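Right, one structure below, let's go through it.
The values are calculated or read from the model by the stated rules, or taken from the named source; none is laboratory data. Note that the structure is a prediction, hence the values are computed from the model and not measured. Note: ideal-geometry Cβ built from the backbone for every residue, glycine included; neighbour counts use all protein chains shown.
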Amino acid sequence: MKRFEFLGERGQGLAEYALLITAVALTAVGIMSLLGVQIGDVVCTAVAGFGDDGLCDSTLFADDFGGTLSQWRSFYNRPQNWEISDDDNPKLCHVGSGGDFLLAENSSGNDYQISTNANITTGNGYGILFRASENENGRLEGYTMQYDPGYGGGQFILRKWVNGYELWPPFATAKPPAGFTWHGVERQIVVDVQGNTFTTYVDGEKMLVGQDDSYSEGGAGLRTWSSSQACFDDYTVKSH
């Protein structure tokens, strides 16, 4: 009899431990959620600690421009307007006149973050293309975040493209801080795409937030217009 009572007590103790561990785990998850920490990120960090980075690699597309432009497609068939600089740290540069979209092949997704280092030397700006696709008429649709010194005295803007045309006015705009230098300075540009909310960071500082529900998926890329001369490096697209 005593033996069965002992086993019952031990079983009860195990159940209590299990409930306690579950409560602690749920509390930890709640705290991390409040702090904006993604559980998947925690798991991936732990996995990486054991030397397996590939399991949680979220990269959809990456190019440091150390090779060719085989991962890119000129939407308007103007590849001559683009070249990779011939120096120790090669960059992708728009060197021609006339606008173009450069599409990153196999970069399509829903929610992702685009990052690149960019430097415009002359002209009215460049754009980061996201959730882009080619419709049944062979025309571009999607969004661009534009680094646009030529708009309204210089602003960051979000545009929507429908059937090959940019809609007016932009659905979100923001002016930079006082004294901001548009030309001749390399900037880190990050466009974070989640649901219907698009957030732009410049050199780590939040600059622009906009919302739109028209397109839920599509690829990434670059945009230039007129005679803008700009160079790009370390272009990456990582899924959320």
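Tabulated values for the structure
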quantity: The listed residue being of a type in the set (Phe, Trp, Tyr) and more than 26 Å from PHE65 (Cβ to Cβ), out of TYR165, TYR201; calculated: TYR165
quantity: Qualifying positions in segment 88-102 - within 29 Å of THR199 (Cα to Cα), crowded, with 16+ Cβ neighbours inside 10 Å and either without any contact (Cβ under 8 Å) to a residue 12 or more places away in the chain or of a type outside the set (Asp, Glu) (or both); calculated: PRO90, LYS91, LEU92, CYS93, HIS94, GLY99, PHE101, LEU102
quantity: Which numbered condition ILE128 misses (of (1) closer than 25 Å to VAL162 by Cα; (2) without any contact (Cβ under 8 Å) to a residue 60 or more places away in the chain; (3) part of a strand (DSSP E or B)); calculated: (2)
quantity: Residue check, GLU105 under 15 Å from LEU222 (Cβ atoms) and surrounded by fewer than 18 Cβ atoms within 10 Å (Cβ to Cβ); calculated: yes
quantity: Failed item in (1) in contact with a strand residue (DSSP E or B) (Cβ under 6 Å, 6 or more places away or on another chain); (2) closer than 27 Å to GLU105 by Cα; (3) surrounded by 13 or more Cβ atoms within 10 Å (Cβ to Cβ); (4) among the polar types (S, T, N, Q), with THR173 passing the rest; calculated: (2)
quantity: In segment 214-235, the residues that are under 16 Å from ALA132 (Cβ atoms) and out of contact with any His (no Cβ under 9 Å at 6 or more places or on another chain); calculated: SER214, TYR215, SER216, GLU217, GLY218, GLY219, ALA220, GLY221, ARG223, TRP225, TYR235
quantity: Conditions (1) on the phi > 0 side of the Ramachandran plot; (2) within 21 Å of the chain's Cα centre (by Cα); (3) not polar (S, T, N, Q): number failed by GLY153; calculated: (2)
quantity: Close pairs from segment 59-87: first farther than 18 Å from THR236 by Cα, partner among the β-branched types (Val, Ile, Thr), Cβ under 6 Å, at least 6 apart; calculated: GLU83/VAL95
quantity: Residue in segment 70-80 that is among the charged types (D, E, K, R), touching a Phe, Trp or Tyr at 6+ places or on another chain (Cβ under 6 Å), assigned by TED's automatic domain parsing to the domain that holds PHE130 and modelled with pLDDT under 95 present; calculated: no
quantity: Every residue from segment 106-122 that is in contact with a strand residue (DSSP E or B) (Cβ under 6 Å, 6 or more places away or on another chain) and either within 15 Å of VAL209 (Cα to Cα) or of a type outside the set (Val, Ile, Thr) (or both); calculated: SER107, SER108, GLY109, ASP111, TYR112, GLN113, ILE114, SER115, ASN117, ALA118, ASN119
quantity: Hey, ARG159 touching a residue at least 60 places away in the same chain (Cβ under 8 Å) and either buried (at least 20 other Cβ atoms within 10 Å of the Cβ) or in the same structural domain as TYR201 (by TED's automatic domain parsing) (or both) or not; calculated: no
quantity: Matching option when the condition is touching a strand residue (DSSP E or B) at 6+ places or on another chain (Cβ under 8 Å) and touching a residue at least 24 places away in the same chain (Cβ under 8 Å), among THR144, THR197; calculated: THR144
quantity: GLN113 touching a residue at least 60 places away in the same chain (Cβ under 8 Å) and outside any loop (DSSP other than H, G, I, E, B); calculated: yes
quantity: Filter pass, LEU102 being in a strand (DSSP E or B) and closer than 21 Å to ARG131 by Cα; calculated: yes
quantity: Segment 116-125: number of residues that are surrounded by fewer than 19 Cβ atoms within 10 Å (Cβ to Cβ) and not in a loop (DSSP other than H, G, I, E, B); calculated: 4
